[in-house]
């Protein structure tokens, strides 16, 4: 049963990635999450501020920004007040992509809300939370 459970999680991950790529393009989930989070800022954040928000390293954010710069979605620009700092700017193309992502995710949410009973969603969230608890090991689990 554990093998079936793990297989189901892997198939779910692949399905979500396939659907996202078909609807949005060749972006990873992490890149799309980054752009969605970036779109919420009124003023461009520094790489450090943004790394804190995403709960990842400065270097990881720098790599993501660089990859998205290659697609024309972001720019890393020197802070005009402190040349040692880089600020992340969402380009017009990045804003358009973020809008497409929002539309796609709104549709996914509506589809899931219609097809999956709330009690099943609640159970799924409990399972995922239990897996994620304590560095990926299931410490406690109750249905």
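The values are calculated or read from the model by the stated rules, or taken from the named source; none is laboratory data. Since the model is a prediction, treat every value here as computed from it, not as a measurement. Cβ: placed from backbone, ideal geometry, glycine included. Neighbour counts: every protein chain shown.
Determine, yes or no, whether residue 21 is closer than 21 Å to residue 112 by Cβ and either at pLDDT 90 or above or in contact with a strand residue (DSSP E or B) (Cβ under 8 Å, 6 or more places away or on another chain) (or both).
no
Just to be sure I understand, how many residues within segment 85-104 are touching a helix residue (DSSP H, G or I) at 6+ places or on another chain (Cβ under 8 Å) and either closer than 16 Å to residue 26 by Cα or part of a helix (DSSP H, G or I) (or both)?
7
Find the residue count for segment 10-28, including only residues that are surrounded by 12 or more Cβ atoms within 10 Å (Cβ to Cβ) and free of Cβ contacts under 8 Å to residues at least 24 places away in the same chain.
Going through segment 10-28 one residue at a time, the tally reaches 4.
Listed here are the residues, each with its yes/no results for (1) exposed (fewer than 15 other Cβ atoms within 10 Å of the Cβ); (2) closer than 24 Å to residue 22 by Cβ.
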residue: 41; (1), (2): no, no
residue: 57; (1), (2): yes, no
residue: 64; (1), (2): no, yes
residue: 73; (1), (2): no, yes
residue: 76; (1), (2): no, no
residue: 98; (1), (2): no, yes
residue: 129; (1), (2): yes, no
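Could you tell me whether any residue of segment 29-37 is closer than 17 Å to residue 94 by Cβ and either outside any helix (DSSP H, G or I) or at pLDDT 90 or above (or both)?
No, segment 29-37 contains no residue that is closer than 17 Å to residue 94 by Cβ and either outside any helix (DSSP H, G or I) or at pLDDT 90 or above (or both).
Take the residues of segment 78-92 that are modelled with pLDDT of 90 or more and in contact with a strand residue (DSSP E or B) (Cβ under 9 Å, 6 or more places away or on another chain): which is surrounded by the fewest Cβ atoms within 10 Å (Cβ to Cβ)?
78
When the residues of segment 43-55 are narrowed to those that are in contact (Cβ under 8 Å) with a residue 12 or more places away in the chain and not in a loop (DSSP other than H, G, I, E, B), which ends up surrounded by the most Cβ atoms within 10 Å (Cβ to Cβ)?
50
What number of residues within segment 1-27 satisfy the criterion of being touching a helix residue (DSSP H, G or I) at 6+ places or on another chain (Cβ under 8 Å) and more than 20 Å from residue 131 (Cα to Cα)?
Restricting attention to segment 1-27, the residues satisfying the condition of being touching a helix residue (DSSP H, G or I) at 6+ places or on another chain (Cβ under 8 Å) are 16-17, 19-20, 23-25, 27.
When the remaining residues are screened for being more than 20 Å from residue 131 (Cα to Cα), the result is 17, 19-20, 23-25, 27.
Total satisfying the criteria: 7.
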